[in-house]
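The values are calculated or read from the model by the stated rules, or taken from the named source; none is laboratory data. Nothing here was measured: the structure is a model prediction, and the numbers come from that model. Reconstructed Cβ throughout: ideal geometry from the backbone, glycine too, with neighbour counts over all protein chains shown. We work out accessible area using only protein heavy atoms, side chains counted, and drop any ligands, DNA or RNA first. Shrake-Rupley method; radii C 1.70, N 1.55, O 1.52, S 1.80 Å.
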Amino acid sequence: MASGTALLYDEEMTRYQLLWDYPACKIESPERLTVSHEALQTTGLSGRCVSLPVRQATEDEILLAHSQEYLESVKKTPSMSLEELVTFTQQYGDVYFHPNIYHCAKLAIGATLQLVDAVMTGKVRNGMALVRPPGHHSQRSLASGFCVFNNVAIAALYAKKHFNVRRVLIVDWDIHHGQGLQYCFEEDSEVLYFSWHRYEHQRFWPNLRESDFDAVGKGKGAGFNINLPWNKVGMGNSDYLSVFFHVLLPIAYEFNPELVLVSAGFDSAIGDPEGHMCATPDIFGHLTHLLMSLASGRLCAILEGGYNLTSLAQSVCQTVQTLLGDPPSRISGLSSPCQSALESIHCVRGAHQQYWTCLKYADVGPQLEASTKCPRLEGVIGEADEEGTQAEEAQKEGEIKEIAWPEPPSRMAPPVRTGVVLPTGLEDHVPASCLRVTTIPLTSTEAAKGLSDPADPKLKDDKVLQSLGGVSSLLEKIEKKEVRNGLAVVPDLSLAVAFGVQQALTSFTDRVLLVFLGSNPPIELQEDGRVMLIQFCCTEQLETKSKFYIPVCLKKQSPSDVPGFLYAVLTLLLPLAYGYDPGMILAATRERDGVGLAAWAQLIGLLQGLAQGHTLALLLQGAEEVTVKATAASLLGEPTPTLGPLGVPLLENVKAVEKQRQRLQAHWGLLKAADEDHLRATCGHTEDEYSGVLP
Ligand code: Q6M
Ligand code: ZN
């Protein structure tokens, strides 16, 4: 299995800059690259990466995405005088040329392709290319928005050509619309392009009608272009995560990419003078982590924009550190996405409903209606300039001062990733890198402390006391930061879960998320919020009003409803888990209750993004060897095998998930995927219905 993270960087790419007065281009400076690289060095991150040499792209590679004619004209720029460069530049928008930019642009492509090569041949698992100039705006015969050649477009075409990749996912989280990428792939069903971008109803650059949510692709590429327009500035972590949970991830899993390319622009982070958004640098750790469970972990991040040097450097570090496998930091204070974000999410889900099964039964209601509330301007560019965008207006009025945010917390990773407590015979089935934790059996008095029924006769059983000792030492090692996560195979699951929860709550956290697969919840729940229980089972559970108990009843489909389960994980479990922000996760199952092995492995992998990776997995003795193996592999951070093409989820399972989402979204705002007006209109639910159970 491929391991390691590649880093591609060459100082040469800092050797071009703006040579004349051109305010729109001032922000694209060589320092963008030097600060990013220096931050990776001072944090020790670059030392942990595999450093690969950068090369120049060949002409044939450039021609994968560009016309001969355009290449010939760019080729002339190195020998142009300043005056000629200015004139040459003027035929394009928001881009400048320099005698050395052609050289750098060839290195930017070359670095990107070296990364694709390394990932596709299994030399590394993933990696990042720090490049200048960026690429996503450039088109077949056009430079645009600081971009000369389209690095990521060439990478996707190169992967198709040289590695016969049939499905490439491009995630463009830069704050500008990569219209160059859209144009390149809008008729291509083998490249799924996703972009979110500041749009403000076409008032923001590049002011294109086709950047809106209803540009879904053309011909056989219909459904393979996803635009999420931000119609207001100030979008934050909750808005970004919601788009991942309710738009990108469900579609990406269904698409089942073989390779993920990230157009990694960090002008979508707080403090950026272009984006004016509020998402903090640590969110990129999470976005990266969520994408790493696709395509067996084959992910290439390629730098695009990012103009606040502090924010940029921090965001680059967060991304690379996650690629290296360190646990993302906890994100506190997540709430509901804002009204405008919900409107965009709702609109794009509506626009794509006909193309993707995961959205097929989702309640997206009367389509595209929300857009009428803020009618898009018709042929407005001139007008918009006068009006100015929201942020420019605010700036004029002096509302926007220097924005400050705390430095992302350090993400210390324990020396050992996974501790295991396994009965003899199973020990040989997990990789040698797992720490075999030796356990001392608890006395019945010690064991009883953590349990609601201290008189439980099972506490006389030596095997039980031994296994609780195991759970106890694993938790202690996690607490002491000797290991990050743990796996125990136990003779009595309910007892181990109850004990584990109690122990975690007394020793080191005030919130435990319990993910339980199976009927009969293993613990009695209190309404104090110290435990959230998400239960997957195939038998109907009692109705509940609790916002901390979420039973999800998924009917079995032979062999199991993988798409239904995944839909529940992405659109219900992750939003709840991120909103709850646990300090510790227990994931327990008796026999995977109707959930396929690969789906279980995905779940364990995705959960690693929460609670700083502190997961304790508990399996019932007698669980199949493969389950133990797969659980250990996921905890170790090995790439999760892909789920393969997802079929249609069972309608009743989607309904079961939707029912819980409806019930809980007043409490857990990340569950929302449509704006309130829309919800009232189509579902008949109101906040008031739930007011009785609000805190
Ligand atoms: C600037 C308008 C001035 C790679 C990238 C390039 C963005 C170019 C923006 C040009 N417009 N307010 O997407 O970050
Ligand atoms: Zn940008």
Quiz item: Counting only residues that are open to solvent by 10 Å² or more (accessible area, probe 1.4 Å) and over 19 Å from the mean Cα position of the chain (by Cα), which one in region 579-597 is modelled with the highest pLDDT?
Solution: Leu597
Quiz item: So Ile302 clears everything in (1) within 13 Å of ligand 1 (Cβ to nearest atom); (2) open to solvent by 10 Å² or more (accessible area, probe 1.4 Å); (3) aliphatic (A, V, I, L, M) except one condition, right? Which one?
Solution: (2)
Quiz item: Right, Thr112: away from ligand 1 (no atom under 16 Å from the Cβ) and either open to solvent by less than 30 Å² (accessible area, probe 1.4 Å) or among the polar types (S, T, N, Q) (or both) or not?
Solution: no
Quiz item: Looking at (1) touching a residue at least 24 places away in the same chain (Cβ under 8 Å); (2) open to solvent by 10 Å² or more (accessible area, probe 1.4 Å), can you tell me which one Gly469 breaks?
Solution: (2)
Quiz item: Could you list, in sequence order, the residues of region 143-169 that are under 21 Å from Leu248 (Cβ atoms) and either among the acidic types (Asp, Glu) or more than 14 Å from ligand 1 (Cβ to nearest atom) (or both)?
Solution: Ala155, Ala156, Ala159, Val165, Arg166, Arg167, Val168, Leu169
Self-check item: All positions within region 410-450 that are of a type in the set (A, V, I, L, M) and under 38 Å from the mean Cα position of the chain (by Cα)
Solution: Met412, Ala413, Val416, Val420, Val421, Leu422, Leu426, Val430, Ala432, Leu435, Val437
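Taking region 519-548, which residues are within 28 Å of the chain's Cα centre (by Cα) and either outside the structural domain of Ile604 (by TED's automatic domain parsing) or in a loop (DSSP other than H, G, I, E, B) (or both)? Full working, then the answer.
The initial filter retains those residues of region 519-548 that are within 28 Å of the chain's Cα centre (by Cα), namely 529-537, 547-548.
Those that are within 28 Å of the chain's Cα centre (by Cα) and either outside the structural domain of Ile604 (by TED's automatic domain parsing) or in a loop (DSSP other than H, G, I, E, B) (or both): Gly529, Arg530, Lys547, Phe548.
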Quiz item: Restricting to helices (runs of 4 or more DSSP H) lying wholly in region 1-102: which have 3 or more residues that are buried (at least 19 other Cβ atoms within 10 Å of the Cβ) and at pLDDT 95 or above?
Solution: 31-42
Quiz item: Quick check: is even one residue across region 198-209 open to solvent by less than 10 Å² (accessible area, probe 1.4 Å), touching a residue at least 40 places away in the same chain (Cβ under 8 Å) and hydrophobic (A, V, I, L, M, F, W, C)?
Solution: no
Quiz prompt | Subset of region 472-494 that is open to solvent by less than 10 Å² (accessible area, probe 1.4 Å) and either part of a helix (DSSP H, G or I) or among the charged types (D, E, K, R) (or both) - its residue that is farthest from Met412 (Cα to Cα) | solution = Leu493
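With respect to Leu294, determine if the residue is in the same structural domain as His137 (by TED's automatic domain parsing), among the hydrophobic types (A, V, I, L, M, F, W, C) and within 16 Å of ligand 2 (Cβ to nearest atom). Quick ask: steps written out before the conclusion?
Details: in the same structural domain as His137 (by TED's automatic domain parsing): yes; among the hydrophobic types (A, V, I, L, M, F, W, C): yes; within 16 Å of ligand 2 (Cβ to nearest atom): no.
The answer is no for Leu294.
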Quiz item: Given the conditions (1) more than 16 Å from ligand 2 (Cβ to nearest atom); (2) touching a Leu at 6+ places or on another chain (Cβ under 7 Å); (3) open to solvent by less than 10 Å² (accessible area, probe 1.4 Å), which single one is not true for His136?
Solution: (1)
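Residues of region 252-274 being within 16 Å of ligand 1 (Cβ to nearest atom) and either open to solvent by less than 10 Å² (accessible area, probe 1.4 Å) or hydrophobic (A, V, I, L, M, F, W, C) (or both), which ones? Write out each step before concluding.
Taking region 252-274 and keeping what is within 16 Å of ligand 1 (Cβ to nearest atom), we get 261-274.
Leu261, Val262, Ser263, Ala264, Gly265, Phe266, Asp267, Ser268, Ala269, Ile270, Asp272 - these are the residues of region 252-274 that are within 16 Å of ligand 1 (Cβ to nearest atom) and either open to solvent by less than 10 Å² (accessible area, probe 1.4 Å) or hydrophobic (A, V, I, L, M, F, W, C) (or both).
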Quiz item: Do the conditions hold for Asp117, that is, is it among the acidic types (Asp, Glu), within 16 Å of ligand 1 (Cβ to nearest atom) and either touching a residue at least 24 places away in the same chain (Cβ under 8 Å) or out of contact with any Leu (no Cβ under 7 Å at 6 or more places or on another chain) (or both)?
Solution: no
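May I ask you to verify whether Ala143 is touching a Cys at 6+ places or on another chain (Cβ under 9 Å) and within 16 Å of ligand 2 (Cβ to nearest atom)? Even if it seems obvious, please write down each step before you answer.
Working: touching a Cys at 6+ places or on another chain (Cβ under 9 Å): no; within 16 Å of ligand 2 (Cβ to nearest atom): yes.
It is false that Ala143 is touching a Cys at 6+ places or on another chain (Cβ under 9 Å) and within 16 Å of ligand 2 (Cβ to nearest atom).
Consider region 297-321. How many of its residues are within 13 Å of the chain's Cα centre (by Cα) and either more than 15 Å from ligand 2 (Cβ to nearest atom) or without any contact (Cβ under 8 Å) to a residue 24 or more places away in the chain (or both)? Break it down stepwise before answering.
Taking region 297-321 as the starting set, the residues that turn out to be within 13 Å of the chain's Cα centre (by Cα) are 297, 299, 301, 318-319.
This time we only want the ones that are either more than 15 Å from ligand 2 (Cβ to nearest atom) or without any contact (Cβ under 8 Å) to a residue 24 or more places away in the chain (or both), so: 297, 299, 318-319.
Qualifying residue count, region 297-321: 4.
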Quiz item: If you go through region 567-578 one residue at a time, how many are open to solvent by less than 10 Å² (accessible area, probe 1.4 Å) and either outside any helix (DSSP H, G or I) or out of contact with any strand residue (DSSP E or B) (no Cβ under 6 Å at 6 or more places or on another chain) (or both)?
Solution: 8
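Name the residue that is surrounded by the most Cβ atoms within 10 Å (Cβ to Cβ), counting only residues in region 598-614 that are out of contact with any strand residue (DSSP E or B) (no Cβ under 9 Å at 6 or more places or on another chain) and closer than 24 Å to Lys555 by Cα.
Taking region 598-614 as the starting set, the residues that turn out to be out of contact with any strand residue (DSSP E or B) (no Cβ under 9 Å at 6 or more places or on another chain) are 598-599, 601-602, 605-606, 609.
Next cut, closer than 24 Å to Lys555 by Cα only: 598-599, 601-602, 605-606.
Working: Ala598: 17, Ala599: 21, Ala601: 24, Gln602: 26, Gly605: 22, Leu606: 22.
Out of the qualifying residues, it is Gln602.
Out of Gln182, Gln114, which single residue is farther than 23 Å from Glu210 by Cβ and touching a strand residue (DSSP E or B) at 6+ places or on another chain (Cβ under 8 Å)? Don't jump to the end; show me each part of the working.
On the way: Gln182 fails: farther than 23 Å from Glu210 by Cβ.
Matching residue, one of Gln182, Gln114: Gln114.
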Quiz item: Got at least one residue in region 221-237 being more than 24 Å from Thr112 (Cα to Cα), within 16 Å of ligand 2 (Cβ to nearest atom) and open to solvent by 10 Å² or more (accessible area, probe 1.4 Å)?
Solution: yes
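Which of the following residues is in contact (Cβ under 8 Å) with a residue 60 or more places away in the chain, away from ligand 2 (no atom under 14 Å from the Cβ) and within 30 Å of Ile27 (Cα to Cα): Ala155, Ala159?
Numbers: Ala159 fails: within 30 Å of Ile27 (Cα to Cα).
Only one candidate passes the filter, namely Ala155.
When the residues of region 524-541 are narrowed to those that are touching a Leu at 6+ places or on another chain (Cβ under 7 Å) and surrounded by fewer than 22 Cβ atoms within 10 Å (Cβ to Cβ), which ends up farthest from Asp453 (Cα to Cα)?
Our first condition is that a residue be touching a Leu at 6+ places or on another chain (Cβ under 7 Å); within region 524-541, this holds for 525, 530-534, 536, 538.
Restricting the remaining residues to those that are surrounded by fewer than 22 Cβ atoms within 10 Å (Cβ to Cβ) gives 525, 530, 538.
Values: Leu525: 14, Arg530: 19, Cys538: 28 Å.
The qualifying residue farthest from Asp453 (Cα to Cα) is Cys538.
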Quiz item: Considering only residues of region 649-670 that are more than 19 Å from Gln557 (Cα to Cα) and of a type in the set (Lys, Arg), which is least open to solvent (accessible area, probe 1.4 Å)?
Solution: Arg661
Quiz item: Can you find even one residue in region 346-355 that is assigned to a helix (DSSP H, G or I), in the same structural domain as Ile251 (by TED's automatic domain parsing) and under 14 Å from the mean Cα position of the chain (by Cα)?
Solution: no
